[in-house]
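The values are calculated or read from the model by the stated rules, or taken from the named source; none is laboratory data. On a predicted model such as this, the values are computed, not experimentally measured, just so you know. Positions of Cβ are generated from backbone atoms using ideal geometry, with glycine treated the same way; all protein chains shown enter the neighbour counts. Each accessible area value is taken on the protein alone, full model and side chains, heavy atoms only, with ligands, DNA and RNA left out. Shrake-Rupley method; radii C 1.70, N 1.55, O 1.52, S 1.80 Å.
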Number of protein chains: 2
Amino acid sequence: MPDFTDNLKPKDDGSAILKAERDRSPISTEELSRHLFSKNGFLERQQRVLRVLEKEPLFQKKQQLNLARPDRYHLGLARAKALRRFVVREGWDVEDYRMAEYLTDEMSPYHLHFSMFATTIKEQASPEQKAYWWPKVESFEIIGAYAQTELGHGSNVRGLECEARYDPNSKEFILHSPTLTSSKWWNGSMGRTATHAIVMAQLLLPQPNGSYKSFGPQPFIVQIREKVTHEPVDGVVVGDIGPKYGYTSMDNGFMLFDKLRVPHTALLSRYAKVDPETGAFRKEGHPGVVYGSLTNVRANIVMHARLVLARAVTIAIRYTSIRRQFRDRDAADQSGPEMAVLDYPTVQIRLLPLLATAFALHYTGEAMHNLYNNTRNAIEEGNFDSIAELHSTSSGLKSLCTTYAADGIETCRRSMGGHGFGGGSGLIGINNDYLSKPTVEGDNWMITQQVAAYLIKIMTDAVSNPKTKSADATEALFRRYLAERGRRRPAEVLRGPQIDNGAIVDAFQWRAAEMSFRLYDARIVQKKKWNSLLIQLHRLSNVYSQMILVNNFYAALQPSPLSAHAASVMESLFQLYALYTMDTDARTFSTTLSATPSSLDVLPDIILDLMIKIRPHAVKLVDGWAIPDYVLDSALGRYDGRVYEDLFDRAHRQNPLNRTTFNVDWQSEEIVLGSGDAGKNILAKL
Amino acid sequence: MPDFTDNLKPKDDGSAILKAERDRSPISTEELSRHLFSKNGFLERQQRVLRVLEKEPLFQKKQQLNLARPDRYHLGLARAKALRRFVVREGWDVEDYRMAEYLTDEMSPYHLHFSMFATTIKEQASPEQKAYWWPKVESFEIIGAYAQTELGHGSNVRGLECEARYDPNSKEFILHSPTLTSSKWWNGSMGRTATHAIVMAQLLLPQPNGSYKSFGPQPFIVQIREKVTHEPVDGVVVGDIGPKYGYTSMDNGFMLFDKLRVPHTALLSRYAKVDPETGAFRKEGHPGVVYGSLTNVRANIVMHARLVLARAVTIAIRYTSIRRQFRDRDAADQSGPEMAVLDYPTVQIRLLPLLATAFALHYTGEAMHNLYNNTRNAIEEGNFDSIAELHSTSSGLKSLCTTYAADGIETCRRSMGGHGFGGGSGLIGINNDYLSKPTVEGDNWMITQQVAAYLIKIMTDAVSNPKTKSADATEALFRRYLAERGRRRPAEVLRGPQIDNGAIVDAFQWRAAEMSFRLYDARIVQKKKWNSLLIQLHRLSNVYSQMILVNNFYAALQPSPLSAHAASVMESLFQLYALYTMDTDARTFSTTLSATPSSLDVLPDIILDLMIKIRPHAVKLVDGWAIPDYVLDSALGRYDGRVYEDLFDRAHRQNPLNRTTFNVDWQSEEIVLGSGDAGKNILAKL
């Protein structure tokens, strides 16, 4: 319905503002994008898959936030099925399909099928099992889930309560859930979708004396729903666990077994074998292989975190460039235009270090992928030496990087004032989904113990054998530290008016080594209780991971493959990430003699200067991440800057609530005016 | 449908665990509750109103997270109307009604009517206007909204674009929205509910030369919807702005005017008058009155923040007491029960300082209320002296306390691992709603400028007149600081093995004074640009507000009215809040000479000790906040500890998604199995 608002324009033209922002920076967005996404034809693929999705009515995102949670699953399933059909129709490969998932930006009800379910069968099934199951998996003839965590146990896998008791007479395993807390819980794709599941259950084998002995959690492949009716098979109670912060499109499930009998072949037996006759257990192979794939998942988490963070920062930088608020109170002319919000240091200090962090994560994500590939090659040649370092590094980075991104989204949102709280921010979905990341794949506080334990071990080795040379970078650092200890000269961040990048790297390395030594001393020398050290162990992991981010960012500048302008801004971003981090935790840099007191005192001023240097390029720098409007789904963050037009359109044209007129008279029980509903419709939904 | 899960129990009995937790602390929950809620019969009222709501099907919360956003407004309106009827039926007074709102725990579509709309008419209408409008307001014959912020302007009220141009010929104001950004935006209760609104518009009056001059934003009362049809009146475009992070039950609205003519009497004219004949403008009265009511709102924000934080902490402490995870790796016996999660220092360090913060907020909220009442009395006697201090203090506290609570909810959620991410946490609603608080009623970064400006002014006065005595506590502190400057001896937090509470207070006061002096020096002496100092001004505000929290908490212990056990734990909570804060920002305590380096070095150990002291009382301490299960709406935080039973019930019995069986075959377009829907149902909703 047309009305007088159709002809209204916003006071300031957002498109013109963003154009001016782009015009004043000589950086090439194109060059930056190629630099960030050089691999696998990412940018071309993004364009190609995007063109397919944008045409599909089912993939329109406009009404997503208005849907009830059950409808969000309906939509998620409809899209999952459609994507699978597009694979056939468009001839997509696996990378195209992954790209479609990224662009759709929701957790698909099929997701666990082609991730954990497929991977587990590929890695843990015996050749015969794989021959039987893989064709069904590949063709999506069956849909699988991965049922490990339980209502009562998550991180502590050894504590799982679900049982698989072997009956040598019938040659069957009896899956059973003895308690409520033994219910499988949180398992994605299981609540409504999956026909099959990998079930991790305590393997119980009969002993000569008639008792049963546990051989720890082992994987079983189990059909959980009937083929035609899709109802649970007898002996299985399974369902969706209900609403969550995020992942509304996903059916995270629960499942219990009432003495369900499954054949001997249900146990995935590439590494774990039970003799069908005797019930004897046998293990084969090296667990490093499993470690390896976990590490790859974590390297991907770093790369994912960078893109999530870049997305939030893209929205916030574009919007705060356009948004005006107040005049400079020291300006002589108080009648001019208001200031762009991004020109306030209080907004810059929240957004620009996050922008720098996104780049820091990028270079470390790349380094992790290389490390993973090298380790993988070494493993193929039977060399498992570097697994421990890779595993601990990836744990620490998982913890730090997902915390950066989860907190960063909220920081970006708050920087945008009132409109940040609205659906037009485009952050509601990604925020709700991403808040799971600090918890899943190893809780961010818990897994830092692994890093710290590794560092203490390396330090112990270095102390006892100070002369041995090692290829391990951390060990080399620790030996250098031990040699210099006692005659340390703290790093001086400024050399004259210049920032000394090498000194920055040195300060981060020294801090990590010194804190490792202190914890080595507390645990190994003073023999303090592990649990009493947990807080410091967590800090050590973060300190070490920050060092890795600084190392890799610095290495990427030696020399930067970018042309002069971009390379210079990239150096400022490196300095901003490092010095902002140093300022935030200045006390540990001071007490560990990592940096001089005068270096630390000038950090706030250096940071202000760096932000002034980076500010003119801010819009171009976020453009470089090449995140399509379709992914942003944000009025505030649109590439073309039409913020207010879009916000208004969402409210006035797209909001279904505005199609209903209400009876607001408190004396009447009717809710929708003229319907005579007497409130019964809404009561029926409660 | 009964099944074998009906007889299952969780491995650990949560009820027994919480009983044991309660048995091992001698603190009286009853005494603590009376201490916290001594005023206005809060606890009795809570019980009485709760009994009414719990019986009402409309007030059941079980399905709220499953509802579509339009349905959440339906429900909100139905409840708003029902509550108004209960006022009549139950003979509720205003406090009872507020209690019902608190317990219902959602923003009511009537909320702005009896808050900002009613208050504005009460405070800004002329006696004649009040006589006309108040009976309609009081009886809810009309429903009002308060339309100030616009699409393009929030904090900067002077920048509002909506115009009210006076036409002396017709003696009417012409309300007009000249741009898209002049659209009213975010205004609660306006989207679908309100019949009337207070509209803040730039008052434009004709000048002798024929031009118009602006007299700033002024309030107009305007009918926006027709009485019978509830459709917008001609010349008004109004609607709901769509989905947001939170406040799903509230219809935040937009509104534009197409040269809408309203009578001369529409201008609320107690303080602002326009001569109907000449169009001349006249102002009356003192703006301090408006300041005063704003300050009361902010004192309430502190009290609200404490209860929100207490609620999140209640859930997290109860759940982490029950939840078991891993064994102590230094324990000799590795077959015993797993450790309660709350026994890990890494969980304690996240939850116990927040618990302490809730109490810190409580005592300062009380102090603010007293300060407000005293100021109010002084104003009545024509004394406006203390308004500036009250206003700046309340701004700083608003910023700090809402940041504490908003961040605290998320910290609590993450401490609870996987289940924290589920709907059973009970935190989704409060989290989404509360995230608005750092932005509304003055953005948390922006309003800190007011505090800092005030402190710089007081320091300037103190420097220029070092001898004058003042009743103002801040001024007295600054004079003491100036007298001692140069011969400062940093505070020693430990006196032997004892914590010196007085030294803690001294350290916080000195830090605030020293940082005020540094900013006085930068701005007044060195004449640095205001905007270049913004980050430090923000920090100063927080430092000053932390001092106020420490001061008030300390004062509440001199002596504590609590009996010995509770008083002793309360002292530990004071120390934990103060020393945790000190440790978090140890560097400023060090560089300002507020505390000795050795004091700062031992903080981590003291904090660990304090947490060990507080831990046995944790459950009793959260019980003391007396937050009913109805408000918590949390499986994890239930008073009776039946965590797993409740989680399972929500998933298995209450989840509507589990009532539908789906067609998961990707080759079929059907979504609900057997329905033949071909995906059309979900497409229609997009």
Applying the selection to the stretch A:503-518, what residues are of a type outside the set (D, E, K, R), open to solvent by 20 Å² or more (accessible area, probe 1.4 Å) and over 28 Å from the mean Cα position of the chain (by Cα)? A:Phe517
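Here's the yes/no breakdown for (1) free of Cβ contacts under 8 Å to residues at least 40 places away in the same chain; (2) β-branched (Val, Ile, Thr); (3) over 20 Å from B:Thr5 (Cβ atoms); (4) more than 9 Å from chain A (Cβ to nearest Cβ):
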residue	(1), (2), (3), (4)
B:Leu608	no, no, yes, no
B:His617	no, no, yes, yes
B:Leu621	no, no, yes, yes
B:Trp625	no, no, yes, yes
B:Pro628	no, no, yes, yes
B:Ser634	no, no, yes, yes
B:Arg638	no, no, no, yes
B:Arg642	no, no, no, yes
B:Thr661	yes, yes, no, no
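Which one is most open to solvent (accessible area, probe 1.4 Å) among residues in the stretch A:155-172 that are among the polar types (S, T, N, Q) and touching a Phe, Trp or Tyr at 6+ places or on another chain (Cβ under 8 Å)? Break it down stepwise before answering.
Filtering the stretch A:155-172 for residues among the polar types (S, T, N, Q) gives A:155-156, A:169-170.
Adding the requirement that they be touching a Phe, Trp or Tyr at 6+ places or on another chain (Cβ under 8 Å) leaves A:155-156.
Numbers: A:Ser155: 48, A:Asn156: 14 Å².
It comes out as A:Ser155.
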For the stretch B:644-659, which positions are more than 9 Å from chain A (Cβ to nearest Cβ) and either within 30 Å of B:Ala566 (Cα to Cα) or open to solvent by less than 30 Å² (accessible area, probe 1.4 Å) (or both)? B:Asp646
Given the conditions (1) under 19 Å from A:Val631 (Cβ atoms); (2) without any contact (Cβ under 8 Å) to a residue 60 or more places away in the chain; (3) open to solvent by less than 40 Å² (accessible area, probe 1.4 Å); (4) out of contact with any helix residue (DSSP H, G or I) (no Cβ under 6 Å at 6 or more places or on another chain), every one holds for A:Gln63 apart from (2)
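Among the candidates A:Tyr644, A:Tyr580, which residue alone is farther than 30 Å from B:Ile143 by Cβ and in contact with a helix residue (DSSP H, G or I) (Cβ under 8 Å, 6 or more places away or on another chain)? Write out each step before concluding.
Numbers: A:Tyr644 fails: farther than 30 Å from B:Ile143 by Cβ.
A:Tyr580 is the lone residue from the list that is farther than 30 Å from B:Ile143 by Cβ and in contact with a helix residue (DSSP H, G or I) (Cβ under 8 Å, 6 or more places away or on another chain).
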Can you spot a residue in the stretch B:518-527 that is within 14 Å of chain A (Cβ to nearest Cβ), touching a Leu at 6+ places or on another chain (Cβ under 9 Å), over 25 Å from B:Pro604 (Cα atoms) and small (Gly, Ala, Ser)? yes
Screening B:Val602, B:Val631 for residues that are more than 30 Å from A:Arg518 (Cα to Cα) and either out of contact with any His (no Cβ under 8 Å at 6 or more places or on another chain) or not in a helix (DSSP H, G or I) (or both) leaves only B:Val631
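Would you be able to say whether some residue in the stretch B:281-289 is under 26 Å from B:Ala16 (Cβ atoms) and part of a helix (DSSP H, G or I)?
no
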Condition first: open to solvent by 30 Å² or more (accessible area, probe 1.4 Å), under 42 Å from the mean Cα position of the chain (by Cα) and more than 7 Å from chain A (Cβ to nearest Cβ). Can you find one or more residues in the stretch B:669-682 that meet it? yes
Residue check for B:Arg45: open to solvent by 40 Å² or more (accessible area, probe 1.4 Å) and either outside any helix (DSSP H, G or I) or of a type outside the set (Ser, Thr, Tyr) (or both): no
Selected residue (criterion: least open to solvent (accessible area, probe 1.4 Å)) from residues of the stretch B:486-502 that are of a type in the set (A, V, I, L, M, F, W, C) and over 10 Å from B:Ser594 (Cβ atoms): B:Val493
Whichever residue in the stretch B:173-183 is buried (at least 24 other Cβ atoms within 10 Å of the Cβ) and away from chain A (no Cβ under 11 Å) and, among such residues, is farthest from B:Leu151 (Cα to Cα): B:Phe173
Candidate set from the stretch A:329-340 (those that are touching a Phe, Trp or Tyr at 6+ places or on another chain (Cβ under 8 Å) and closer than 23 Å to A:Asp605 by Cα); member that is surrounded by the most Cβ atoms within 10 Å (Cβ to Cβ): A:Met339
Over the stretch B:189-227, the set of residues farther than 16 Å from B:Arg158 by Cα, within 14 Å of chain A (Cβ to nearest Cβ) and open to solvent by 10 Å² or more (accessible area, probe 1.4 Å) is B:Arg192, B:Thr195, B:His196, B:Gln223, B:Glu226, B:Lys227
Would you mind stating whether B:Arg311 is touching a residue at least 60 places away in the same chain (Cβ under 8 Å) and open to solvent by 20 Å² or more (accessible area, probe 1.4 Å)? no
Checklist (1) in contact with a His (Cβ under 7 Å, 6 or more places away or on another chain); (2) basic (Lys, Arg); (3) under 27 Å from B:His391 (Cβ atoms) applied to B:Arg282, failing item: (1)
From the list B:Gly408, B:Gly422, exactly one residue is in the same structural domain as B:Leu533 (by TED's automatic domain parsing), touching a strand residue (DSSP E or B) at 6+ places or on another chain (Cβ under 8 Å) and either surrounded by 24 or more Cβ atoms within 10 Å (Cβ to Cβ) or modelled with pLDDT of 95 or more (or both). Which is it? B:Gly422
Of all residues in the stretch B:405-438, which are hydroxyl-bearing (Ser, Thr, Tyr) and within 10 Å of the chain's Cα centre (by Cα)? B:Tyr434, B:Ser436
What pairs come up if the first residue lies in the stretch B:487-501 and is in the same structural domain as B:Ile607 (by TED's automatic domain parsing), the second is assigned to a strand (DSSP E or B) and β-branched (Val, Ile, Thr), and their beta carbons are under 8 Å apart, counting only those six or more places apart or on different chains? B:Val493/B:Ile499
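Taking the condition open to solvent by 20 Å² or more (accessible area, probe 1.4 Å), assigned to a helix (DSSP H, G or I) and within 14 Å of chain A (Cβ to nearest Cβ), does B:Arg350 pass?
Values: open to solvent by 20 Å² or more (accessible area, probe 1.4 Å): yes; assigned to a helix (DSSP H, G or I): yes; within 14 Å of chain A (Cβ to nearest Cβ): yes.
Yes; evaluated as a whole, the condition is true for this residue.
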Condition broken by A:Gly496, with the remaining ones in (1) on the phi > 0 side of the Ramachandran plot; (2) modelled with pLDDT of 95 or more; (3) among the small types (Gly, Ala, Ser) satisfied: (2)
Out of the stretch A:152-171, which residues are among the small types (Gly, Ala, Ser) and part of a loop (DSSP other than H, G, I, E, B)? A:Gly152, A:Gly154, A:Ser155, A:Ser170
Which residue pairs have Cβ atoms closer than 6 Å, lie 6 or more positions apart in sequence or on different chains, and pair a first residue in the stretch B:85-104 that is over 18 Å from B:Trp625 (Cβ atoms) with a second residue that is open to solvent by 80 Å² or more (accessible area, probe 1.4 Å)? none
Which residue pairs have Cβ atoms closer than 9 Å, lie 6 or more positions apart in sequence or on different chains, and pair a first residue in the stretch B:14-42 that is closer than 18 Å to B:Arg638 by Cα with a second residue that is open to solvent by less than 40 Å² (accessible area, probe 1.4 Å) and of a type in the set (Phe, Trp, Tyr)? B:Gly14/B:Tyr319; B:Gly14/B:Tyr644; B:Ser33/B:Trp625
Just for the stretch A:57-106: of the residues that are part of a helix (DSSP H, G or I) and polar (S, T, N, Q), which one is farthest from B:Leu686 (Cα to Cα)? A:Thr104
